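Asker: The structure under discussion is supplied below as structure tokens; questions concerning it will follow.
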Amino acid sequence: MDNHQIANILEETAVLLELMGENAFKVRAYHNAARIVESLHDDIAQLIERDELVKLKGIGRALADHIAEIARSGSIKEYDKLRASVPEDVIKMLSIPGVGPKKTRYLWKERGIKSIGELEILCRRHLLAGDPGFGEKTEEKILAGIDMLKSFAGSCRLDEALGAALDVHKEVSRWPDVIRSEIGGSIRRCKEIIHDIDILVSTEKPEKIMERFIAMPQVERVIQHGSKKSEVMLKSGIQCDLRAVSDEEYPFALHYFTGSKEHNVEMRGRAKAKGYKLNEYGLFKGASNKSVSCADETALFKKLGLEFIPPELRENMGEIEAAAKGALPRLIERKDVMGVPHVHSTYTDGKAGIAEMADAASSLGYKYIVIADHSQAVRIAGGMKPADVRHQHKEIDALNRKLKGFRVVKGVELDILSDGALDFDDELLSSFEIVMAAIHSGFGMPEAEMTERIVRGIANPFVKVLAHPTGRLLLTREPYAVDLRRVIAAAVKYDVALEINAHPMRLDLDWRWCKYAKEQGAKMIIGPDAHSTEEIRHVEFGIWVARKGWLTKRDVLNNLNAEDLVRYFHKR
DNA sequence: GCCGTTTTCGGCCCGACTGTTTTCAGTCG
């Protein structure tokens, strides 16, 4: 059992307990434990061995024993019992928006409904209205929720959500009654997957703002409409929430609506311990509830004895403790990024020529690109044969003689074949300045075999970067099974950098692994995987991932100029 | 089930909106 599987059992136990009407705080303890185990990078077997699980905040004696039992036997009694008593499809009813544990339990126990299908039929025939807590509106709401489940998974990629959010926010920010406004929520925290768009405004006329919001042409359907908060479904299929507060309340509201939920819970707990009450409207001192004014988020953090915590870090993954000690890292910024690795051209599946890509990168202020077209094994992308490589290198040499203050570096996205051998021989590899190795086939391999394949591939001294280390495509393809701890250890041993592939479809290496990789001594490098001039901008998604992964300028090799980068890679 | 410069018992973040109520429970974030 790996951490992910253990976390799944804890999470499911939490859901089942909730459904059975268990104490809400016990339920939370299980949810919490699942989250802790999921984000744990240490070998859980060792923690169990040394009985060190109880040292983790949120894991006590009982949960530590449960986790040990799951790791040993694959399950716990409590879970098996719950699992046996609740039909599989009943659990699925919880995924309908507006249907929570209480309603699900009632429908199942009192009405004998065991699936979403049965529930839908009952609502269509209006057989539910009249039951306690259920009326006509509830039936409509459930049907709308079921429709939504059928049509739309309820989540989208960061780049898609960001596009829609900017589109709405651009207009909202221009309305005359809006004083300050910002996109908050998981977009501001740069999560790779977004469930809804949160926009916050400060204003003296919240009702007017709400009216205007629900009447926007982007709106498909109004979900909620109140005086301070409204929720709509956009035509793009993404939910968008708008909250309005006064300008004095704005910093507190911005912090609150940026989240994460877990970060907020921790912050409120901290406020309480210091004799304050914290909510989205302010910070209130003592029994008198005297409000403490803060001009911005920085002031709010300061009042609670914390340095400013960048939004990307607000996941309750140790950022509050670090901020209390003044030990937050100085995160990498756009200005620290000198150049752009992992750029494709028309030599393989890119849409633009090398000169055009160089020009586009230069106009964004970057000092170099690393051309990294596919090697021959990737037939579908028109991978380069050795002759193509020699031709490309001549073109790059000629281009570099012409360019002033900008350089094109000779690189390749080299396939690691299924047995771990490389797609080009060493002689050809020696003609590149930077070799980025990657997996593009045989994704279904067992974990041990895949790990061995990658480790063998990056052990070749010509390989300098491991590109998109897990091969995931967000919301489309799961990462291949691989022991990342071993891969990271090998990358450190062989001095190979891990790519943070900044294509918003990938964002791979995942931010959750960046901090661990850094602690192990690994270096990261941001590559946009650009197949067109527009996609060079993907670098910025990579910077966000790096920031979210606690990385500083020093951890990310893009801070070097072209000469130093090539020199860095060839010193070993 | 967890946790402790208020505590080993009694708390556990807090508010908006909706729908079904006649003062509030459920859901959501």
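Asker: Please enumerate the residues belonging to segment A:43-95 that are within 15 Å of DNA strand B (Cβ to nearest atom) and of a type in the set (Val, Ile, Thr).
Answerer: Going residue by residue through segment A:43-95, those that are within 15 Å of DNA strand B (Cβ to nearest atom) are A:47-48, A:51-70, A:75-82, A:90-95.
Those that are within 15 Å of DNA strand B (Cβ to nearest atom) and of a type in the set (Val, Ile, Thr): A:ILE48, A:VAL54, A:ILE59, A:ILE67, A:ILE70, A:ILE76, A:VAL90, A:ILE91.
Asker: Would it be correct to say that A:ARG537 is assigned by TED's automatic domain parsing to the domain that holds A:ILE439, surrounded by fewer than 24 Cβ atoms within 10 Å (Cβ to Cβ) and not hydroxyl-bearing (Ser, Thr, Tyr)? Outline the logic, then answer.
Answerer: On the way: assigned by TED's automatic domain parsing to the domain that holds A:ILE439: yes; surrounded by fewer than 24 Cβ atoms within 10 Å (Cβ to Cβ): yes; not hydroxyl-bearing (Ser, Thr, Tyr): yes.
Yes: the conditions hold for A:ARG537.
For every residue, the table says whether it meets (1) in contact with a helix residue (DSSP H, G or I) (Cβ under 9 Å, 6 or more places away or on another chain); (2) of a type in the set (Val, Ile, Thr).
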residue	(1), (2)
A:ALA45	yes, no
A:GLU49	no, no
A:LYS55	yes, no
A:HIS66	yes, no
A:VAL99	yes, yes
A:GLY112	yes, no
A:GLU118	yes, no
A:HIS126	yes, no
A:PRO132	yes, no
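Asker: For the subset of segment A:70-90 comprising residues that are crowded, with 17+ Cβ neighbours inside 10 Å and assigned to a helix (DSSP H, G or I), which member is farthest from the chain's Cα centre (by Cα)? Before you say what the answer is, go through the steps one by one.
Answerer: Residues of segment A:70-90 crowded, with 17+ Cβ neighbours inside 10 Å: A:70-71, A:76, A:79, A:82, A:86, A:90.
Then drop every residue that is not assigned to a helix (DSSP H, G or I), which leaves A:70-71, A:79, A:82, A:90.
Details: A:ILE70: 27, A:ALA71: 27, A:TYR79: 29, A:LEU82: 31, A:VAL90: 29 Å.
Per the stated criteria, the residue is A:LEU82.
Asker: If only one of A:GLY185, A:GLY154 is within 16 Å of A:VAL232 (Cβ to Cβ), in contact with a Ser or Thr (Cβ under 8 Å, 6 or more places away or on another chain), within 15 Å of DNA strand B (Cβ to nearest atom) and not aliphatic (A, V, I, L, M), which one is it? Reasoning before the result, please.
Answerer: Values: A:GLY154 fails: in contact with a Ser or Thr (Cβ under 8 Å, 6 or more places away or on another chain).
Being within 16 Å of A:VAL232 (Cβ to Cβ), in contact with a Ser or Thr (Cβ under 8 Å, 6 or more places away or on another chain), within 15 Å of DNA strand B (Cβ to nearest atom) and not aliphatic (A, V, I, L, M) holds for just one of A:GLY185, A:GLY154, which is A:GLY185.
Asker: A follow-up question, please. Collect the residues in segment A:200-232 that are of a type in the set (A, V, I, L, M), more than 12 Å from DNA strand B (Cβ to nearest atom) and not in a loop (DSSP other than H, G, I, E, B), keeping them in residue-number order.
Answerer: Result: A:VAL201, A:VAL219.
Asker: On to the next question. Inside segment A:10-59, can you point out the residues that are touching a His at 6+ places or on another chain (Cβ under 9 Å) and either loosely packed, with under 15 Cβ neighbours inside 10 Å or of a type in the set (Val, Ile, Thr) (or both)?
Answerer: A:THR13, A:VAL15, A:VAL37
Asker: Tell me yes or no: at least one residue of segment A:450-460 is in the same structural domain as A:ILE354 (by TED's automatic domain parsing) and in a loop (DSSP other than H, G, I, E, B). Lay out the reasoning, then the answer.
Answerer: As a first pass, look at segment A:450-460 and keep what is in the same structural domain as A:ILE354 (by TED's automatic domain parsing): A:450-460.
Still in the running and in a loop (DSSP other than H, G, I, E, B): A:460.
Yes.
Asker: Next question. If only one of A:TRP544, A:TRP511 is touching a Cys at 6+ places or on another chain (Cβ under 7 Å) and either closer than 26 Å to A:GLY350 by Cβ or assigned by TED's automatic domain parsing to the domain that holds A:ILE458 (or both), which one is it? Before you say what the answer is, go through the steps one by one.
Answerer: Numbers: A:TRP511 fails: touching a Cys at 6+ places or on another chain (Cβ under 7 Å).
A:TRP544 is the lone residue from the list that is touching a Cys at 6+ places or on another chain (Cβ under 7 Å) and either closer than 26 Å to A:GLY350 by Cβ or assigned by TED's automatic domain parsing to the domain that holds A:ILE458 (or both).
Asker: Moving on to the next point. Under 26 Å from A:ASP510 (Cβ atoms) and either touching a residue at least 24 places away in the same chain (Cβ under 8 Å) or part of a loop (DSSP other than H, G, I, E, B) (or both), is that true of A:GLU171?
Answerer: Working: under 26 Å from A:ASP510 (Cβ atoms): no; either touching a residue at least 24 places away in the same chain (Cβ under 8 Å) or part of a loop (DSSP other than H, G, I, E, B) (or both): yes.
Considered against the rule, which asks whether it is under 26 Å from A:ASP510 (Cβ atoms) and either touching a residue at least 24 places away in the same chain (Cβ under 8 Å) or part of a loop (DSSP other than H, G, I, E, B) (or both), A:GLU171 comes out as no.
Asker: Any residue at all in segment A:275-287 that is in contact with a Ser or Thr (Cβ under 6 Å, 6 or more places away or on another chain), buried (at least 20 other Cβ atoms within 10 Å of the Cβ) and at pLDDT 95 or above? Spell out the reasoning first.
Answerer: The first filter runs over segment A:275-287 and keeps only residues in contact with a Ser or Thr (Cβ under 6 Å, 6 or more places away or on another chain), leaving A:282, A:284.
Right, trim to buried (at least 20 other Cβ atoms within 10 Å of the Cβ) and you get A:282.
So of that shortlist, the ones also at pLDDT 95 or above come out as none.
No, the conditions are met nowhere in segment A:275-287.
Asker: Could you list, in sequence order, the residues of segment A:119-140 that are part of a helix (DSSP H, G or I) and surrounded by 15 or more Cβ atoms within 10 Å (Cβ to Cβ)? Working first, answer last.
Answerer: So the first thing to find is which residues in segment A:119-140 are part of a helix (DSSP H, G or I), and the list is A:119-124, A:136-140.
Those that are part of a helix (DSSP H, G or I) and surrounded by 15 or more Cβ atoms within 10 Å (Cβ to Cβ): A:LEU119, A:GLU120, A:LEU122, A:CYS123, A:THR138, A:GLU139.
Asker: Tally time: how many residues in segment A:284-298 are of a type in the set (A, V, I, L, M) and either free of Cβ contacts under 8 Å to residues at least 12 places away in the same chain or more than 15 Å from DNA strand B (Cβ to nearest atom) (or both)?
Answerer: So in segment A:284-298, the residues of a type in the set (A, V, I, L, M) come out as A:287, A:292, A:295.
In the following step, the residues that additionally are either free of Cβ contacts under 8 Å to residues at least 12 places away in the same chain or more than 15 Å from DNA strand B (Cβ to nearest atom) (or both) were identified as A:287, A:295.
Within segment A:284-298, residues that are of a type in the set (A, V, I, L, M) and either free of Cβ contacts under 8 Å to residues at least 12 places away in the same chain or more than 15 Å from DNA strand B (Cβ to nearest atom) (or both) number 2.
Asker: Right, next: Among the numbered criteria (1) modelled with pLDDT of 90 or more; (2) within 9 Å of DNA strand B (Cβ to nearest atom), which single criterion is violated by A:PHE301?
Answerer: That leaves (2) as the condition not met.
Asker: Let me ask something else. Residues of segment A:282-310 being of a type in the set (Gly, Ala, Ser) and touching a Phe, Trp or Tyr at 6+ places or on another chain (Cβ under 9 Å), which ones? Give the derivation first.
Answerer: In the first step, residues of segment A:282-310 are kept if they are of a type in the set (Gly, Ala, Ser); the result is A:282, A:286-288, A:291, A:293, A:295, A:299, A:305.
Passing the criteria: A:GLY282, A:GLY286, A:SER291.
Asker: Working only within segment A:233-248, note down all residues that are closer than 27 Å to A:PHE308 by Cβ, more than 12 Å from DNA strand B (Cβ to nearest atom) and free of Cβ contacts under 8 Å to residues at least 60 places away in the same chain.
Answerer: First, pick out the residues of segment A:233-248 that are closer than 27 Å to A:PHE308 by Cβ: A:241-248.
Narrowing further to those that are more than 12 Å from DNA strand B (Cβ to nearest atom): A:247-248.
A:GLU248 - this is the single residue of segment A:233-248 that is closer than 27 Å to A:PHE308 by Cβ, more than 12 Å from DNA strand B (Cβ to nearest atom) and free of Cβ contacts under 8 Å to residues at least 60 places away in the same chain.
Asker: Then there is this: Sort out which residues of segment A:480-500 are among the β-branched types (Val, Ile, Thr) and assigned to a loop (DSSP other than H, G, I, E, B), and write them in order of number. First the steps, then the outcome.
Answerer: Narrowing segment A:480-500 to residues among the β-branched types (Val, Ile, Thr): A:482, A:487-488, A:492, A:496, A:500.
A:VAL482, A:VAL496, listed by residue number.
Asker: Go through segment A:50-69 residue by residue and tally those that are charged (D, E, K, R) and in a helix (DSSP H, G or I). So that I can check it myself, show each step before the final result.
Answerer: Step one: list which residues in segment A:50-69 are charged (D, E, K, R), which gives A:50-52, A:55, A:57, A:61, A:65, A:69.
Keeping just the survivors that are in a helix (DSSP H, G or I) gives A:55, A:61, A:65, A:69.
The qualifying residues number 4.
Asker: Follow-up question, since we're still on this one. Can you tell me how many residues in segment A:99-115 are loosely packed, with under 15 Cβ neighbours inside 10 Å and within 11 Å of DNA strand B (Cβ to nearest atom)?
Answerer: As a first pass, look at segment A:99-115 and keep what is loosely packed, with under 15 Cβ neighbours inside 10 Å: A:100, A:102, A:109-110, A:112.
After this cut, where a residue has to be within 11 Å of DNA strand B (Cβ to nearest atom) as well, the list is A:100, A:102.
So the count comes out to 2.
Asker: Starting from residues that are part of a helix (DSSP H, G or I) and among the polar types (S, T, N, Q), keep the ones in segment A:254-283 and report whichever is farthest from DNA strand B (Cβ to nearest atom).
Answerer: Quick first cut of segment A:254-283, residues part of a helix (DSSP H, G or I) only: A:254-258, A:261-273.
Filter once more, so that each one left must be among the polar types (S, T, N, Q): A:258, A:264.
On the way: A:THR258: 10, A:ASN264: 6 Å.
By that ranking, first place goes to A:THR258.
Asker: Let me ask something else. With respect to A:PRO251, determine if the residue is more than 13 Å from DNA strand B (Cβ to nearest atom), closer than 26 Å to A:ASN316 by Cβ and outside the structural domain of A:GLU140 (by TED's automatic domain parsing). Break it down into steps so the answer makes sense when it comes.
Answerer: On the way: more than 13 Å from DNA strand B (Cβ to nearest atom): yes; closer than 26 Å to A:ASN316 by Cβ: yes; outside the structural domain of A:GLU140 (by TED's automatic domain parsing): yes.
So A:PRO251 fits the description; yes.
Asker: Within segment A:434-452, take every residue that is crowded, with 20+ Cβ neighbours inside 10 Å and in contact with a strand residue (DSSP E or B) (Cβ under 8 Å, 6 or more places away or on another chain) and give me the one that is farthest from A:ASN561 (Cα to Cα).
Answerer: A:HIS440
The values are calculated or read from the model by the stated rules, or taken from the named source; none is laboratory data. The structure displayed is predicted, hence computed values, not measured ones. Neighbour counts run over all protein chains shown; Cβ positions are idealised from the backbone, glycine included.
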